[in-house]
Amino acid sequence: MRRMTTTLLLSGSMLFGAVSAQAALPAEATLYKNPQCGCCDAYARHLEAQGIDVAIVDDVELGNVKLQAGVPYGLGSCHTIELGEYWIEGHVPMEAVTAMFDQQPDIDGIGLAGMPIGTPGMPGPQDAPYEVYAFTNQEDAPFMTL
């Protein structure tokens, strides 16, 4: 009986851990983009598949949004996302987004420069490591390599 109780407690703890990690992601996001960009819409659909309601804003000056977000000059992408108290720049894989919300670092956000093939919203297989960076006040630092 003791063994079954221990197994049930461990199983419940693991299930709660999985649920709480997903619960750390905000329920809503705002994606700022150029109106003609289709890969940005694909990234929005990727977020929606994760249970995040995405509002798309395509009538704003992206440079001003990136400046407000703290994205370093030269490390931008085709869209900028406001997600909770953080910013996501570009086609950042969910593994990095989830890690940021799990760790809750004191940063403005994370980004992935350019439009790398194989990332959410971009077609094709991954052909190089994804160097995700953290940023604060237009300064960047490595965050994770995927």
Failed condition for Gly70, given (1) surrounded by 15 or more Cβ atoms within 10 Å (Cβ to Cβ); (2) modelled with pLDDT under 95; (3) more than 13 Å from the chain's Cα centre (by Cα): (2)
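Okay, residues lined up against (1) more than 19 Å from Ala29 (Cα to Cα); (2) out of contact with any Leu (no Cβ under 8 Å at 6 or more places or on another chain); (3) modelled with pLDDT of 95 or more; (4) surrounded by 12 or more Cβ atoms within 10 Å (Cβ to Cβ):
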{"residue": "Ala55", "(1), (2), (3), (4)": "no, no, yes, no"}
{"residue": "His79", "(1), (2), (3), (4)": "no, no, yes, yes"}
{"residue": "Gly90", "(1), (2), (3), (4)": "no, no, yes, yes"}
{"residue": "Met100", "(1), (2), (3), (4)": "no, yes, yes, yes"}
{"residue": "Leu112", "(1), (2), (3), (4)": "no, yes, yes, yes"}
Flag for Ile107 being without any contact (Cβ under 8 Å) to a residue 24 or more places away in the chain, β-branched (Val, Ile, Thr) and within 22 Å of Thr145 (Cβ to Cβ): no
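Quick one: count up the residues across segment 119-139 that are at positive phi, in contact (Cβ under 8 Å) with a residue 12 or more places away in the chain and not polar (S, T, N, Q).
Restricting attention to segment 119-139, the residues satisfying the condition of being at positive phi are 121, 124, 137-138.
Adding the requirement that they be in contact (Cβ under 8 Å) with a residue 12 or more places away in the chain leaves 121, 137-138.
Remaining after also requiring not polar (S, T, N, Q): 121.
Number satisfying all stated conditions: 1.
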Count - residues of segment 114-146 that are closer than 13 Å to Cys78 by Cα and more than 13 Å from the chain's Cα centre (by Cα): 4
Residue within segment 117-133 that is surrounded by fewer than 17 Cβ atoms within 10 Å (Cβ to Cβ), closer than 21 Å to Ala44 by Cβ and hydrophobic (A, V, I, L, M, F, W, C) present: yes
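The values are calculated or read from the model by the stated rules, or taken from the named source; none is laboratory data. Since we're looking at a predicted model, the values are computed, not measured. With ideal geometry, Cβ positions are generated from the backbone for all residues, glycine too; neighbour counts draw on all protein chains shown.
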